[in-house]
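Scroll down for the structure; my scribbles are underneath it.
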Amino acid sequence: MKIAFITPTKDRPEDLRKMLASLAGQTRRPDQVIVVDASVEPVERIVQSIGGLAAEYVRWTGKPSAAAQRNAGLTKVREDIGLVCFFDDDQILHPDGIEKMLAFWGTAGVEIGGASFNMANYQDNRCGRLKKSRLTDALGLYCREPGRVARSGWQSLYGKVTQNTEVEWVGSGASVWRRDVLAQFRFDPFFDGYSYLEDLDFSYGVSRTCKLVVVADAMFEHYHSRAGKNSRYSFGELEVRNRLYFVNKHDLSLPRCYAGLALRVLMNLALIAKRRELGLLSNLAGNLVGVMRGIVQRSYVKRS
């Protein structure tokens, strides 16, 4: 089986260099690597400097967007490639990651549409206990079972798994897809800029027709680069905007989504009071503006 890697990037030259080096150091190297670059200073030299990779550089001149850049990369995938991996630039793949992933696909049935690498350095978030409570599960706000999407439109994280695990969504930054699935699905251009929740929207849509699996033995590490991120206020508004759009698009429950957003605001207020994390005030302000706009606009318009 042949596999292509697509990486969107913007202003992270050193992160990109380390990621590409991890691909070059694989026990089974990718058959094609496509870097779609929206950086202010082009990173073509970095892409060309990594030996041992069949790497191609694509200059993106449109509005920077992980979703749009991945879609652009798909148009460059060779005809003989059967699997396509989306892999972010601030990650490192373990040396046998591709080998283990292809071993999984070698025995996967036709019902499997996509698979995720397993995050070796995953750390549970600070609100894990509340999200995993029986109450939030019963109310349809959050699923206790990992990798599921509640009626509210909030997804439960699957973290680091110990065995192959079927899920309803996967992070698109370290995921592998059958080529025929990608002939039917693309990333929604609504998720522009930072593209928050574009992975949830894309993979959840696929999971309505195919199975998705997190592959335990195929490991990677994510280092969450801060480069290219929005301000806290902008992100606070963006996360509400995109969540409401996702819920509306997939015919989930807007009342439950608003309840989840209200719970998120209360959690942020509690953190501000307890830990004096004043930086969350900007995030909270963005959340409130996003909620008000969603109510005024009767949520965000559903696209066909």
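The table for this structure:
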| read-out | value |
| --- | --- |
| Condition check for residue 21: modelled with pLDDT of 95 or more, hydrophobic (A, V, I, L, M, F, W, C) and either closer than 23 Å to residue 185 by Cα or touching an Asp or Glu at 6+ places or on another chain (Cβ under 6 Å) (or both) | no |
| Hits in the range 72-96 - residues which are in a helix (DSSP H, G or I) and touching a Ser or Thr at 6+ places or on another chain (Cβ under 9 Å) | 73 |
| Count of residues meeting criterion [more than 13 Å from residue 215 (Cα to Cα) and not basic (Lys, Arg)] in the range 148-168 | 9 |
| The range 140-156, residues that are open to solvent by less than 10 Å² (accessible area, probe 1.4 Å) and either within 16 Å of residue 68 (Cα to Cα) or in contact with a strand residue (DSSP E or B) (Cβ under 9 Å, 6 or more places away or on another chain) (or both) | 147, 156 |
| Every residue from the range 137-156 that is of a type in the set (A, V, I, L, M) and either assigned to a loop (DSSP other than H, G, I, E, B) or in contact (Cβ under 8 Å) with a residue 24 or more places away in the chain (or both) | 139, 141, 149, 150 |
| Residue satisfying condition, being at pLDDT below 95 and closer than 20 Å to residue 70 by Cα, within set 203, 234, 195 | 195 |
| Tabulated pairs, the range 9-26, first under 22 Å from residue 195 (Cβ atoms), second among the hydroxyl-bearing types (Ser, Thr, Tyr) and open to solvent by 50 Å² or more (accessible area, probe 1.4 Å), C-beta under 6 angstrom, 6+ apart or interchain | none |
| Selection count, the range 97-120, where residues are in a loop (DSSP other than H, G, I, E, B) and open to solvent by less than 50 Å² (accessible area, probe 1.4 Å) | 3 |
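Conditions tested, residue by residue: (1) small (Gly, Ala, Ser); (2) loosely packed, with under 14 Cβ neighbours inside 10 Å; (3) closer than 18 Å to residue 186 by Cα.
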site: 11; (1), (2), (3): no, no, no
site: 28; (1), (2), (3): no, no, no
site: 31; (1), (2), (3): no, no, no
site: 40; (1), (2), (3): no, yes, no
site: 56; (1), (2), (3): no, no, no
site: 63; (1), (2), (3): no, yes, yes
site: 66; (1), (2), (3): yes, no, yes
site: 70; (1), (2), (3): no, no, yes
site: 83; (1), (2), (3): no, no, yes
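The values are calculated or read from the model by the stated rules, or taken from the named source; none is laboratory data. Because the structure is predicted, anything quoted here is derived from the model rather than measured. As a convention, Cβ positions derive from the backbone with ideal geometry for all residues, glycine included, and neighbour counts pool all protein chains shown. To get the accessible areas, we keep the full protein, side chains included, count just its heavy atoms, and leave off ligands, DNA and RNA. Shrake-Rupley method; radii C 1.70, N 1.55, O 1.52, S 1.80 Å.
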